[in-house]
Amino acid sequence: MKKYLKKLYDSQMLTKQEAREVLLLISEGKVNPAEVASLLTVYLMRPISVEELSGYRDVLLELCIPVSIEKETIDVCGTGGDSKNTFNISTLSAFVTAACGVPVAKHGNYGVSSVSGSSNVLEHLGYKFTANVDALNKQLDAHNICFMHAPLFHPALKAVGSIRKEMGVKTFFNMLGPLVNPANTTHKMVGVYNLELARVYHYLLQQENQKYCIVHSLDGYDEISCTSNFKIYSPLGEQVVSPQEFNLPIIKEEDLFGGNAVEEAATIFMNLLQNKGTKEQRDVLAINSAFAVHCYTNKPVADCLLQTREIIESKKAYDLFTNLINNQ
């Protein structure tokens, strides 16, 4: 491990094979906590390369417990790490998207640099994590959605979990999360925390002929925040979009506040599913969900937005969620 750290300290990039070897060493317990923390710190100081991200990603996929799903599915997720402490936008969007008829196989984890990640809020609300593939397929068939709690499927991450928690900041494992869904989804709606990472994702997914939509709000959010213009990357290229193109007003950062504890995050989550959120919260949920539906169906975003608004207002996503929780 020391030779790879020295190379990184000398401001050099790892090759794809070297990145693979690094993560294999970590997964085998052959790297001490100080070395792991040192490695994570490197990527706080400089962007990760396509080769490095690809190497790390390949190892996690090779070592993960796979989930075999026959139908085409989408993952709706964000990298996290934007330090904005928003409500659980991507998790809520996953349920709205599923209620629109789009099969969702969502991958998520506890929050590391935020108060409440997707796993925190779902666990608090009664969702039981499982690695049983049959159970996940039954959930998908019955409710159009299933959730895979990352630690159950990625034993290689066990060696770094406590270190990430102690550091409490975004690391390159945030970058990896949306790329290592154990169900190998056919479509990806991904939010990322900066443009450099968006470009890396775009290049990587483009090479693999993936169907994807990568979003980044230009003022730093890993989702469509409606606090500024946002950038979209897809197989068709890239574009800057204004919320006002969809008749959505620019909102303030405080409109997206996600609470100071998991309990507060869960209350906001349930309020939105029951159409009790603020107009600003509902707008943000609707547009993020609309782009996910668009990514899967290729329908015009404006039409998808009408659909997601109807789903939110009719509380169909709430019905889907409660049925999922009650019939696990």
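Observations on the model:
- Picking from residues in region 166-176 that are out of contact with any helix residue (DSSP H, G or I) (no Cβ under 7 Å at 6 or more places or on another chain) and assigned to a helix (DSSP H, G or I), the one that is nearest to ASN288 (Cα to Cα) is ASN174.
- Taking region 116-139 as the range and being surrounded by fewer than 20 Cβ atoms within 10 Å (Cβ to Cβ), in contact with a helix residue (DSSP H, G or I) (Cβ under 8 Å, 6 or more places away or on another chain) and in a loop (DSSP other than H, G, I, E, B) as the test, the residues that pass are LEU125, GLY126, TYR127, PHE129, THR130, ALA131.
- Hits in region 229-244 - residues which are small (Gly, Ala, Ser), touching a strand residue (DSSP E or B) at 6+ places or on another chain (Cβ under 9 Å) and in a strand (DSSP E or B): SER234
- Filter result for ALA98 (in contact with an Asp or Glu (Cβ under 7 Å, 6 or more places away or on another chain), buried (at least 18 other Cβ atoms within 10 Å of the Cβ), outside the structural domain of LEU14 (by TED's automatic domain parsing) and over 25 Å from ARG199 (Cβ atoms)): no
- In region 196-254, the residues that are touching a helix residue (DSSP H, G or I) at 6+ places or on another chain (Cβ under 7 Å), surrounded by 19 or more Cβ atoms within 10 Å (Cβ to Cβ) and closer than 20 Å to SER49 by Cβ: LEU197, VAL200, TYR212, ILE214, HIS216, TYR233
- Count of region 21-40 residues which are within 23 Å of LEU204 (Cα to Cα) and surrounded by fewer than 20 Cβ atoms within 10 Å (Cβ to Cβ): 3
- Selection status of MET189, modelled with pLDDT of 95 or more, assigned to a strand (DSSP E or B) and farther than 19 Å from VAL293 by Cα: no
- Residues in region 276-306 that are polar (S, T, N, Q) and crowded, with 21+ Cβ neighbours inside 10 Å: GLN281, ASN288, SER289.
- With respect to the conditions (1) assigned to a loop (DSSP other than H, G, I, E, B); (2) not assigned by TED's automatic domain parsing to the domain that holds LEU273, GLY111 lacks only one, and its number is (2).
- Qualifying residue in region 61-72 (condition: part of a helix (DSSP H, G or I), more than 18 Å from ALA183 (Cβ to Cβ) and free of Cβ contacts under 8 Å to residues at least 60 places away in the same chain): no
- Of the residues making up region 27-43, at least one is over 23 Å from PRO155 (Cβ atoms), outside the structural domain of VAL112 (by TED's automatic domain parsing) and either among the charged types (D, E, K, R) or in a helix (DSSP H, G or I) (or both).
- Residues of region 23-44 satisfying the condition of being within 13 Å of LEU5 (Cβ to Cβ) and of a type in the set (A, V, I, L, M, F, W, C): LEU25, ILE26, VAL31, ALA34, VAL36, ALA37, LEU39, LEU40, VAL42
- Residue list for region 42-86, filter: in contact with a Phe, Trp or Tyr (Cβ under 9 Å, 6 or more places away or on another chain), acidic (Asp, Glu) and crowded, with 16+ Cβ neighbours inside 10 Å: GLU52, ASP82
The values are calculated or read from the model by the stated rules, or taken from the named source; none is laboratory data. In this text the structure is predicted, and so the values were computed from the model without any measurement. Using ideal geometry, Cβ is built from the backbone for each residue, glycine included, and neighbour counts are taken over all protein chains shown.
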